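All remarks here apply to the structure that follows.
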Amino acid sequence: MKVLSEVSGSVWKVEVAVGQAVAEGDTLLIVESMKMEIPVSAPKAGTVAEIRTAEGEPVTDGQLLVILN
């Protein structure tokens, strides 16, 4: 399952690691946009397969951030 950014901004903090199990609603990472911290949550339970961004990197609306299995 692909997890996409809903806003443009920069990655403030990555909260998970590859191989980590997550539950639906768990915060995967936090995007900072216009001085607001916006959590990106897991849409359903799974395991983090890939993290396609890093802390401090800019992201755009619709960009692939995390892949869950």
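FYI, it's all coordinate maths here, none of it is from the lab. These numbers come from a predicted model, not from an experiment. Neighbour counts are summed over all protein chains in view; Cβ atoms, including those assigned to glycine, are modelled from backbone coordinates with ideal geometry.
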Using a Gaussian network model of the chain with C-alpha springs under 10 Å, which one of 59, 18, 48 is most mobile by mean-square fluctuation? 18
Leading residue at positive end of dipole, the stretch 2-69 (Cβ point charges), from 49, 31, 7: 49
Report the relative contact order of the chain, percent, no decimals, based on alpha-carbon pairs under 8 angstrom and at least 6 residues apart. 45
Could you list the trypsin sites (Lys or Arg not before Pro) in the stretch 1-41 that lie in coil according to DSSP, counting only those with at most 15 other Cβ atoms within 10 Å of their Cβ? 35
Note to self: Kirkwood Rh of the chain, Cα pairs, one decimal, Å, is 11.6
Simple spin-label estimate for residue 7 and residue 34 in nanometres, 7 Å along Cα-Cβ: 0.8
